[in-house]
Amino acid sequence: MSRNWTREESILALALYFELPFGSLHQLNKSIIALAEFLHRTPSSVSMKLCNFARFDPELMKRGISGLKNGSHLDEEIWNEFFQNTEALLDEVDKIHGALDIVLPNRDDEIVIPDGTDRVVLTKIRKGQAFFRNVVLSAYNNTCCLTGIDMPKLLQASHIKSWKDSDPVTERNNPSNGLCLNYLHHQAFDSGFITIDNNYKIIISKQVKEHYTKIVFKELFEKYDGVTIKLPQRFLPDKSFIEYHNLHVFSD
């Protein structure tokens, strides 16, 4: 006899849903198997729960993709509570003993954190940035939105509005404040050499032409000027963050 999903279990499932590309929500996925073992459920049960969440995903709806239809009312409640508040979602995951190592098995350090940061605060920041990276890379299907590079070790989650300038509650770990970029173009984006406009088209700064040789510029930058980035499966970049980057970071 099957048992109903609890709120805690559903929260863990949603966190994992955000960290996996839609095409990976199957029972053979290692992360799904790990969560199933943690919850004492079958991988197929966890996979089905993740697919239940997909039916609420607005970006999937726009693409004509629908999840499983027979989810519970609790699924909808959890989705509505945390879809726009991944910071709170991560806090809830952290409260469940042993769950964080299941949902966040990899901790990648990408953000420079000021010296002297309190240890408790530092731990919270590390968890947040790891979750942010996982969710952003998943949203872009582990593919650089500019070049199409699809090797995860070469990819980073770039903040559109910089981490240091972002509100720690509503913006720092907000996946809609993220782009999946390779290391080179991440640094170029953070330095204001490239940006995107409100139509998600790439803009290259004139300063790049002055800094790079002609061959390097053509191969690594010029050919992308005016090209629309690869859009994510979920968490479309928020235009308020884009406008901030254009106004305060980009150097025309």
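Of everything in segment 78-97 that's more than 18 Å from W5 (Cα to Cα) and not in a helix (DSSP H, G or I), which residue is most open to solvent (accessible area, probe 1.4 Å)?
Out of the qualifying residues, it is Q84.
List every residue pair whose Cβ atoms lie under 6 Å apart, where the two residues are 6 or more positions apart in sequence or sit on different chains, the first residue falls within segment 1-27 and is under 24 Å from Q129 (Cα atoms), and the second residue, located anywhere, is of a type in the set (K, R).
Close Cβ pairs satisfying both conditions: A13/K49.
In the list R7, R41, R3, which residue meets the criterion of being touching a Phe, Trp or Tyr at 6+ places or on another chain (Cβ under 9 Å) and not hydrophobic (A, V, I, L, M, F, W, C)?
Working: R7 fails: touching a Phe, Trp or Tyr at 6+ places or on another chain (Cβ under 9 Å); R3 fails: touching a Phe, Trp or Tyr at 6+ places or on another chain (Cβ under 9 Å).
R41 is the lone residue from the list that is touching a Phe, Trp or Tyr at 6+ places or on another chain (Cβ under 9 Å) and not hydrophobic (A, V, I, L, M, F, W, C).
Hey, can you tell me all the residues within segment 11-46 that are surrounded by 22 or more Cβ atoms within 10 Å (Cβ to Cβ) and among the small types (G, A, S)?
A13, A15
Which number in (1) in contact (Cβ under 8 Å) with a residue 12 or more places away in the chain; (2) open to solvent by less than 20 Å² (accessible area, probe 1.4 Å); (3) assigned to a helix (DSSP H, G or I) marks the one condition that F217 misses?
All conditions pass for F217, except number (1).
Restricting attention to segment 198-214, which residues are farther than 12 Å from D252 by Cα, polar (S, T, N, Q) and buried (at least 16 other Cβ atoms within 10 Å of the Cβ)?
none
The values are calculated or read from the model by the stated rules, or taken from the named source; none is laboratory data. Only a predicted model underlies this, so the values are computations on that prediction, with no experimental measurement involved. In this analysis, Cβ positions are derived from the backbone assuming ideal geometry, glycine residues included, and neighbour counts consider all displayed protein chains. Protein only, heavy atoms only, side chains kept; ligands, DNA and RNA dropped before computing areas. Shrake-Rupley method; radii C 1.70, N 1.55, O 1.52, S 1.80 Å.
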